[in-house]
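Reviewing the structure listed below.
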Amino acid sequence: MSTDRLALTALERKAEATLRYFELVELFWGDGQQHRCYVCVGNHALFFVQRSLTGLFPDAEAGELYYAHIDRVVEDTKSTYNLLLVLNDNRNGFWEQPNLLVVAEHRTRLVPMLQAAWQTDYSWRLSKVAELPCLQADLRMQHSGDALFVQPFQGYTVATHEGYRFFIHKDYVDIAGNIHSGSQGTWLDKKRELTLTVQVQEPEPLSKLEASGSEHIRWVAMRIRQAVAESLTSALVERSAFYFKKMNLVNDIAPWTGWEVFLKSDTVVQVLIFLRRQHLPPMADSAQDIFLTLRCPKRVLDNGTVTDAHLLTEARLAADSLCPVVHRCTVPQTMYRDMIQAKLDALLFNEDSMTWLKHSIGLQPEGKLLMLGKSFVRSILKVLQEENALVSPTLMQDIGDDVPTEKEPMVVAQSMVRLHLPSSESQGRGDDDPTFNSWHARVARYLAYCFDGGLLGPRLALMDLTNAFIPTPQSQHKIDEVVTFLLHIRPRDLSKRFVSREVRQIVCDPLIFEEYTFNDRVMQSLVELEWFQKVLGRSVGTGQRASGAGRMDSEFAQFLSRMLACKGASINLKAAVCRQLNAAAGEQSEHFGVFCPALIKTLQAPGVHLRTYATLTLVNMSAGHVVVQNTIIKLGVLMLCMDNMRSSDDDLIRYTLSLLTHLSKNLAQLEEMHRVGILEVLMVLLEKTPSIEVKQGLLCELASVIGQICIHDELWKAMREHPCRPVDKLISTYQWAKHGGRLRSKAMFALKMFCNRPSLHAQHLRDSVAVIMPRVVDDLGEMTQGKVEFDPDHAVNAVLFLEMLTRSPHLTKELARQPDVFSVLTQVNMTELGKMDSIRDRLQKLIRAVEPKTPRSP
């Protein structure tokens, strides 16, 4: 079962027709005759191609079965693979009887393909619309063994959809109709008001997923989660994490990855589990995504009919039991090993796929390719050995003593490049041939895979090459030449040949990411290992070069900024660049002007993950740097921050609020915030964020931002009059938060800033917030007594909050009546706070205000 374009191209040459699908099947016809071949779905006919690809079976005429000769199809109800084609009298004479039995392992995929092609051909021939009759019956075939599959648990039943089966509670009823009606199936439990939806996506080639930025199910899940959250009111994501599928009920060889989201809103609760089945049989070159959604009205949870744990357990059971429909669960699905081997020999699989094929089904590129890969790695190790730079002395023996070694590793690479095109020049194909240049790029990628864990696993990686101390210039030149070849920066136009370039030429080329392509994984490793800095370091000493000494130069800063803006760079590569910038945030301040435009552009990316990294990088860059703050404000960061805060991702929102904290240090920045209307977004976020444990970090940053923007008169007035009543919300947040914790500290700070004004409105606000006065004193007492950890920031905010309250005489008297307030403040004064210039005088003034008055003697 496959729609692999390369395999279809090879089959099309034999069928001499356009094909859209093929599968290895077994045909039964006449008096017990049978044959194993490929059935191919074309535009106007089915084609039976010999497994050896020597031609059609049985010949060119009978091997082409026109759709006009097929009256109907019958699916066997006693098996998952028997399919009967009922032919009419116009059929070829080779097919003696009208019944042609097709045994197809992936019948659930073949039937829809056949239906679509038959109906299209019918409309093309007769200008009418008709459906291929598809019946179900017990064919009672003698060759069909008894079905064997795992039975569901007690109280559960089996549901089947789009070639997959899974366990669901017996109270669910299928409301989606025909199994072939579409990619979505729906089951309803009326008693508990639960709705289970299963969506099975079409398989996608792994190469296409990689090119589209969907190489991991996590990126797909985040995009869907964001869309679902935006469609709901007051959406709350309580869980968003990796999901580990725990059952393999059919001996499935394909690996699974997953992501789980638990989401609540005012009206509905949903559990979303995103699964990806990779390296699908039979070609191992595609992946299929399956989405399970279990939802129920919010009131069902509120009245106790079901609980959060019940919802999660039920959704996870369906996901864990999900498996492809097979006839016997102990028999693995068929792999087309000959076709997989052909693609391996053409180096058409990526690194992950080659690793999986090697360890799961024992397939590797053919012997000569593998030997050249080993020779290339061993030649590099020989160079390192001569320089006494091998990380382990046994690596040479681990590769193999019988593997040939060259003094120049690139000699091996060039031999491998010319391996499959020995007569290219004689055929008029040279370095300007796209086929040759594409093969050249694949060889570089394969050799990078061989060195970076492909042959020796974690014992040998690219880090061992880039971090090696090479004192000899000749050997260092060989290593640099190897690394640039593995990086393989070449023109996107495959009619142009690859030319090895010096590192500084690569870094300084302004069009490097617009007109050129490269090995994304190698580039990511080199960025993380700081290889470019080592080569381009301003210090020229060999020892300094090996250790990475020297600061980032302007050319490399421009190089990283162009990499961030590159459309062809992967999410992982851009995230690696952001991590490097975060690590250098305090040391490379002279290049912030170069990075800011690129980071602002990255903030506009659709993926939440990359926007989170870019936001965090801006947080670190802008901390204490007013020039950076003003620069990114001019570049429009505030509007992007508003978009981030409307998302449902807690990490993205939290880092955005941290950034806004840095961007609200002066009145000019606050005026710009007021102009773009950021206040309304902050108030909506405050109103919809519940006071629960998983939201504490977000609420801390939100309270900090609200406190800082109170400096601006218009913003303070707008917040005071806002219908969401932020003061009341902050008071309730403080009362709920952990004693002596950071959230209470930030809530006190925000409340203090609300009330820290001479106006009558501020006086009324002080009366409102005084309700938390006893708890503030209690927290200070617990910190001084060691019951909770002493937090200087919390203590400072508490002192400032109490000092603010004493501006009202009646609140001063109320504070003095608090139990042990004088002793508590006295003990605070003996801590490090009593030595702080910024707080010492206020603390002593507060102590004098609550000091007990000694009555005068008569």
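The values are calculated or read from the model by the stated rules, or taken from the named source; none is laboratory data. Source: prediction; values computed, not measured. When we count neighbours, we look across all protein chains shown, and the Cβ atoms used for this are built from the backbone with ideal geometry, even at glycine. These area figures cover heavy atoms from the full protein model, side chains too; ligands, DNA and RNA do not enter into them. Shrake-Rupley method; radii C 1.70, N 1.55, O 1.52, S 1.80 Å.
So Trp736 fits all but one of (1) at pLDDT 90 or above; (2) open to solvent by less than 40 Å² (accessible area, probe 1.4 Å); what number is the exception?
Of everything listed in (1) at pLDDT 90 or above; (2) open to solvent by less than 40 Å² (accessible area, probe 1.4 Å), Trp736 misses just condition (2).
Can you tell me which condition Cys724 does not meet? The list is (1) touching a residue at least 40 places away in the same chain (Cβ under 8 Å); (2) open to solvent by less than 30 Å² (accessible area, probe 1.4 Å); (3) assigned to a helix (DSSP H, G or I), and all the others hold.
Failing condition for Cys724: (3).
Spot the failing condition for Arg675; the list is (1) surrounded by 14 or more Cβ atoms within 10 Å (Cβ to Cβ); (2) free of Cβ contacts under 8 Å to residues at least 24 places away in the same chain, and only one is missed.
Result: Arg675 fails condition (1) only.
Residues to consider are Ser768, Ser759, Ser808; find the one that is closer than 30 Å to Glu693 by Cβ and of a type in the set (Ser, Thr, Tyr).
Values: Ser759 fails: closer than 30 Å to Glu693 by Cβ; Ser808 fails: closer than 30 Å to Glu693 by Cβ.
Step by step, each of Ser768, Ser759, Ser808 is checked, and only Ser768 is closer than 30 Å to Glu693 by Cβ and of a type in the set (Ser, Thr, Tyr).
Would it be correct to say that Met783 is crowded, with 22+ Cβ neighbours inside 10 Å and over 18 Å from Leu702 (Cβ atoms)?
Yes, satisfied.
Please tell me if Leu6 is in a helix (DSSP H, G or I), open to solvent by 70 Å² or more (accessible area, probe 1.4 Å) and within 17 Å of Met283 (Cβ to Cβ).
On the way: in a helix (DSSP H, G or I): yes; open to solvent by 70 Å² or more (accessible area, probe 1.4 Å): yes; within 17 Å of Met283 (Cβ to Cβ): yes.
For Leu6, the condition - in a helix (DSSP H, G or I), open to solvent by 70 Å² or more (accessible area, probe 1.4 Å) and within 17 Å of Met283 (Cβ to Cβ) - is met.
Exactly one of (1) within 28 Å of Ala703 (Cβ to Cβ); (2) open to solvent by less than 10 Å² (accessible area, probe 1.4 Å) is unmet by Leu667. Its number?
(2)
Taking Val483, is it at pLDDT below 90, surrounded by 13 or more Cβ atoms within 10 Å (Cβ to Cβ) and within 24 Å of Asp452 (Cβ to Cβ)?
On the way: at pLDDT below 90: no; surrounded by 13 or more Cβ atoms within 10 Å (Cβ to Cβ): yes; within 24 Å of Asp452 (Cβ to Cβ): yes.
So Val483 does not fit the description; no.
Take the residues in the range 809-843 that are of a type in the set (Lys, Arg) and either out of contact with any Asp or Glu (no Cβ under 7 Å at 6 or more places or on another chain) or loosely packed, with under 14 Cβ neighbours inside 10 Å (or both), then tell me which one is nearest to Val776 (Cα to Cα). Please lay out each step first, then the result.
The first filter runs over the range 809-843 and keeps only residues of a type in the set (Lys, Arg), leaving 813, 817, 835, 840, 842.
Applying the additional criterion that residues be either out of contact with any Asp or Glu (no Cβ under 7 Å at 6 or more places or on another chain) or loosely packed, with under 14 Cβ neighbours inside 10 Å (or both) yields 813, 817, 835, 840.
Numbers: Lys813: 16, Arg817: 14, Lys835: 21, Arg840: 18 Å.
Ranking the candidates gives Arg817 first.
Which residue out of Val535, Val499 is at negative phi and surrounded by 20 or more Cβ atoms within 10 Å (Cβ to Cβ)? Don't jump to the end; show me each part of the working.
Values: Val499 fails: surrounded by 20 or more Cβ atoms within 10 Å (Cβ to Cβ).
Just one listed residue meets the conditions, Val535.
Only one of (1) of a type outside the set (Val, Ile, Thr); (2) in contact with a Pro (Cβ under 9 Å, 6 or more places away or on another chain); (3) in a loop (DSSP other than H, G, I, E, B); (4) open to solvent by less than 30 Å² (accessible area, probe 1.4 Å) fails for Ser234. Which number is that?
(4)
Test of understanding: among Ile653, Ile633, Ile600, which residue is surrounded by fewer than 22 Cβ atoms within 10 Å (Cβ to Cβ), of a type in the set (Val, Ile, Thr) and touching a residue at least 40 places away in the same chain (Cβ under 8 Å)?
Working: Ile653 fails: surrounded by fewer than 22 Cβ atoms within 10 Å (Cβ to Cβ); Ile633 fails: touching a residue at least 40 places away in the same chain (Cβ under 8 Å).
Going through Ile653, Ile633, Ile600 in turn, the sole match is Ile600.
Could you list all residues from the range 488-508 that are under 20 Å from Val535 (Cβ atoms) and touching a helix residue (DSSP H, G or I) at 6+ places or on another chain (Cβ under 9 Å)? Before the answer, list the steps.
First, the residues of the range 488-508 that are under 20 Å from Val535 (Cβ atoms): 488-490, 498-508.
Scanning the range 488-508 gives His488, Ile489, Arg490, Phe498, Ser500, Arg501, Glu502, Val503, Arg504, Ile506, Val507, Cys508.
Can you confirm whether the range 212-226 contains a residue that is open to solvent by less than 60 Å² (accessible area, probe 1.4 Å), in a loop (DSSP other than H, G, I, E, B) and small (Gly, Ala, Ser)?
Yes, the conditions are met somewhere in the range 212-226.
Looking only at residues that are in a helix (DSSP H, G or I) and under 18 Å from Asp266 (Cβ atoms) in the range 292-323, which one is most open to solvent (accessible area, probe 1.4 Å)? Before you say what the answer is, go through the steps one by one.
In the first step, residues of the range 292-323 are kept if they are in a helix (DSSP H, G or I); the result is 298-302, 308-321.
This time we only want the ones that are under 18 Å from Asp266 (Cβ atoms), so: 298-302, 308, 311.
On the way: Lys298: 53, Arg299: 130, Val300: 2, Leu301: 28, Asp302: 108, Asp308: 47, Leu311: 2 Å².
The extreme case among them is Arg299.
Are any residues in the range 324-333 open to solvent by 50 Å² or more (accessible area, probe 1.4 Å) and over 30 Å from the mean Cα position of the chain (by Cα), and if so, which ones? Give the steps one after another, and end with the answer.
Just the residues of the range 324-333 that are open to solvent by 50 Å² or more (accessible area, probe 1.4 Å), to begin with: 328, 330-332.
Within the range 324-333, Arg328, Thr330, Val331 meet the criteria.
Of these, Asp837, Asp793, Asp820, which one is of a type outside the set (Phe, Trp, Tyr) and on the phi > 0 side of the Ramachandran plot? Before you say what the answer is, go through the steps one by one.
Working: Asp837 fails: on the phi > 0 side of the Ramachandran plot; Asp793 fails: on the phi > 0 side of the Ramachandran plot.
The conditions single out Asp820.
Anything in the range 238-262 that is assigned to a strand (DSSP E or B) and in contact with an Asp or Glu (Cβ under 7 Å, 6 or more places away or on another chain)? List them, or say none. Lay out the reasoning, then the answer.
Keep residues of the range 238-262 that are assigned to a strand (DSSP E or B), which gives 238-243, 256-262.
Arg239, Ala241, Tyr243, Phe262, listed by residue number.
So, in the range 753-775, how many residues would count as being part of a helix (DSSP H, G or I) and open to solvent by 10 Å² or more (accessible area, probe 1.4 Å)? Let's see the steps before the verdict.
Initially, the range 753-775 is screened for residues part of a helix (DSSP H, G or I), giving 753-755, 760-775.
Remaining after also requiring open to solvent by 10 Å² or more (accessible area, probe 1.4 Å): 753, 760-761, 763-768, 771, 774-775.
The qualifying residues number 12.
Could you count how many residues in the range 365-393 are part of a loop (DSSP other than H, G, I, E, B) and closer than 17 Å to Leu465 by Cβ?
Residues of the range 365-393 part of a loop (DSSP other than H, G, I, E, B): 365-366, 387-393.
Right, trim to closer than 17 Å to Leu465 by Cβ and you get 387-393.
Total meeting the criteria: 7.
Here's a check for you: in the range 603-630, which residue that is within 23 Å of Ala229 (Cβ to Cβ) and at pLDDT below 90 is surrounded by the most Cβ atoms within 10 Å (Cβ to Cβ)?
The residue in question is Val608.
Look at Gln341 and say whether it is closer than 25 Å to Glu23 by Cβ and crowded, with 17+ Cβ neighbours inside 10 Å. Let's see the steps before the verdict.
Details: closer than 25 Å to Glu23 by Cβ: yes; crowded, with 17+ Cβ neighbours inside 10 Å: no.
Considered against the rule, which asks whether it is closer than 25 Å to Glu23 by Cβ and crowded, with 17+ Cβ neighbours inside 10 Å, Gln341 comes out as no.
Mind checking which pairs have a first residue in the range 146-160 that is open to solvent by 60 Å² or more (accessible area, probe 1.4 Å) and a second that is among the hydrophobic types (A, V, I, L, M, F, W, C), Cβ under 7 Å, 6 or more apart or different chains?
Leu148/Cys329; Phe149/Cys329; Phe153/Phe167; Tyr156/Phe167; Tyr156/Ile168; Thr160/Ile179; Thr160/Val325
Residue-wise test of (1) in a helix (DSSP H, G or I); (2) in contact (Cβ under 8 Å) with a residue 24 or more places away in the chain; (3) in contact with a strand residue (DSSP E or B) (Cβ under 9 Å, 6 or more places away or on another chain); (4) surrounded by 15 or more Cβ atoms within 10 Å (Cβ to Cβ).
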{"site": "Val777", "(1), (2), (3), (4)": "yes, yes, no, yes"}
{"site": "Phe790", "(1), (2), (3), (4)": "no, yes, no, yes"}
{"site": "Ala798", "(1), (2), (3), (4)": "yes, yes, no, yes"}
{"site": "Arg807", "(1), (2), (3), (4)": "no, yes, no, yes"}
{"site": "Lys845", "(1), (2), (3), (4)": "yes, yes, no, no"}
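With respect to Thr517, is the statement that it is modelled with pLDDT of 90 or more, within 15 Å of Ala444 (Cα to Cα) and open to solvent by less than 70 Å² (accessible area, probe 1.4 Å) true? Please lay out each step first, then the result.
Details: modelled with pLDDT of 90 or more: yes; within 15 Å of Ala444 (Cα to Cα): yes; open to solvent by less than 70 Å² (accessible area, probe 1.4 Å): yes.
For Thr517, the condition - modelled with pLDDT of 90 or more, within 15 Å of Ala444 (Cα to Cα) and open to solvent by less than 70 Å² (accessible area, probe 1.4 Å) - is met.
Conditions first: (1) modelled with pLDDT under 90; (2) closer than 29 Å to Gly568 by Cβ; (3) open to solvent by less than 20 Å² (accessible area, probe 1.4 Å). Ser265 passes all but one, so which condition is the exception?
Checking Ser265 against (1) modelled with pLDDT under 90; (2) closer than 29 Å to Gly568 by Cβ; (3) open to solvent by less than 20 Å² (accessible area, probe 1.4 Å), the one that fails is (2).
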